[in-house]
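Written below as structure tokens is the structure these notes are about.
The values are calculated or read from the model by the stated rules, or taken from the named source; none is laboratory data. Since the model is a prediction, treat every value here as computed from it, not as a measurement. So basically every Cβ, Gly included, is an ideal-geometry build from the backbone, and we count neighbours across all protein chains shown. Ligands, DNA and RNA are stripped out before the accessible areas are found, and what is left, the full protein with its side chains, is counted by its heavy atoms. Shrake-Rupley method; radii C 1.70, N 1.55, O 1.52, S 1.80 Å.
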Amino acid sequence: MEKKVYHGSTSGDITKLIPHKSTHQKECIYATDNKVVAMLYMGNWNDLDFRLFSVSGKPELVERRKGLLKKIYDKPGYLYELDGRTFSHYDYLWSLEVISFAKELIPLNKTFYPNVLNGILEEEKKGNIVIFRYPNRPKGMPIDNADLIDKFVEFENRGLKGAIKDLLKVYPELAIKVEEKIKK
């Protein structure tokens, strides 16, 4: 086997991974070759909770609201190791994300984390991830989370119905800015 990739989950009973549709609107199996990134997917969250990006191949996580790290990761999780031969990176994906169009994949290995938060904080100590805890932000990221507007309008335009409604449910203070963006 040439390479391994990882898939993080809250579920410990996965015997096979099957494709599903996400924000890219493609039926596929998502993974990463970065173990820390896979650990971040051991929690149930979305772009309304965190901003995840990479700088020089290192993941950086921004907590958008106070207390989300603890709320989302202070629980058990599972890291699945997969044969990476069917996975590829495409231009429309995030730089640390790979996908497979296989009909199903059987995990090679599973690692249990009794507390995902502790695992992530340990990786932070090792320098494998940078975490911005609310209200800290990287330079250029607005404190009001207005950076989400373009993304969620685009999601809606690509057929992800309800994306704008979801955005405004969490950040109702962005309603006027969203309305202005839609009018353009």
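Just one of (1) closer than 21 Å to Gly43 by Cα; (2) open to solvent by 50 Å² or more (accessible area, probe 1.4 Å) fails for Gly77. It is (2).
Filter the stretch 94-125 down to the residues that are within 15 Å of Leu61 (Cα to Cα), in contact (Cβ under 8 Å) with a residue 40 or more places away in the chain and not charged (D, E, K, R) and list them by number. If the condition is that a residue be within 15 Å of Leu61 (Cα to Cα), in contact (Cβ under 8 Å) with a residue 40 or more places away in the chain and not charged (D, E, K, R), then Trp94, Ser95, Leu96, Val116, Leu117, Gly119, Ile120 are the ones that fit. Residue pairs, Cβ under 6 Å, 6 or more apart or interchain, first in the stretch 26-47 and of a type outside the set (Phe, Trp, Tyr), second modelled with pLDDT of 95 or more and part of a helix (DSSP H, G or I). List them. Matching pairs, first to second residue: Thr32/Ala38; Val36/Glu123; Met39/Gly119; Met39/Ile120; Met42/Val116; Gly43/Ile72; Gly43/Tyr73. Scanning the stretch 71-87 for residues that are without any contact (Cβ under 8 Å) to a residue 60 or more places away in the chain and within 18 Å of the chain's Cα centre (by Cα) yields Lys71, Ile72, Tyr73, Asp74.
Each residue in the stretch 24-39 was checked for being over 19 Å from Ser11 (Cβ atoms) and out of contact with any Lys or Arg (no Cβ under 7 Å at 6 or more places or on another chain), and 4 pass. None of Val55, Val98, Val37 is within 25 Å of Tyr134 (Cα to Cα), under 14 Å from the mean Cα position of the chain (by Cα) and of a type in the set (Val, Ile, Thr) except Val37.
Being modelled with pLDDT of 95 or more, surrounded by 15 or more Cβ atoms within 10 Å (Cβ to Cβ) and of a type in the set (A, V, I, L, M, F, W, C) is the requirement here; does Leu167 meet it? So Leu167 fits the description; yes. Scanning the stretch 128-184 for residues that are among the hydrophobic types (A, V, I, L, M, F, W, C) and free of Cβ contacts under 8 Å to residues at least 12 places away in the same chain gives Ile143, Ala163, Leu168, Ala175, Ile176. Could you list all residues from the stretch 139-164 that are open to solvent by 80 Å² or more (accessible area, probe 1.4 Å) and not hydrophobic (A, V, I, L, M, F, W, C)? The answer is Lys139, Asp150, Lys151, Glu154, Asn157, Arg158, Lys161.
Please state which one of Lys103, Lys71, Lys66 is over 14 Å from Ala38 (Cβ atoms), at pLDDT 95 or above, surrounded by 14 or more Cβ atoms within 10 Å (Cβ to Cβ) and not acidic (Asp, Glu).
Lys71
Of all residues in the stretch 52-63, exactly one satisfies the criterion of being open to solvent by 70 Å² or more (accessible area, probe 1.4 Å) and either more than 15 Å from Val36 (Cα to Cα) or part of a loop (DSSP other than H, G, I, E, B) (or both), namely Ser56. In the set (1) among the aliphatic types (A, V, I, L, M); (2) over 26 Å from Thr10 (Cα atoms); (3) surrounded by 11 or more Cβ atoms within 10 Å (Cβ to Cβ), Ile176 fails one condition alone, (3).
Looking only at residues that are of a type in the set (Phe, Trp, Tyr) and open to solvent by less than 80 Å² (accessible area, probe 1.4 Å) in the stretch 106-138, which one is nearest to the chain's Cα centre (by Cα)? Give the steps one after another, and end with the answer.
To start, the set of residues in the stretch 106-138 that are of a type in the set (Phe, Trp, Tyr) comprises 112-113, 132, 134.
Keeping just the survivors that are open to solvent by less than 80 Å² (accessible area, probe 1.4 Å) gives 113, 132.
Values: Tyr113: 18, Phe132: 15 Å.
Looking at the filtered set, the residue picked out is Phe132.
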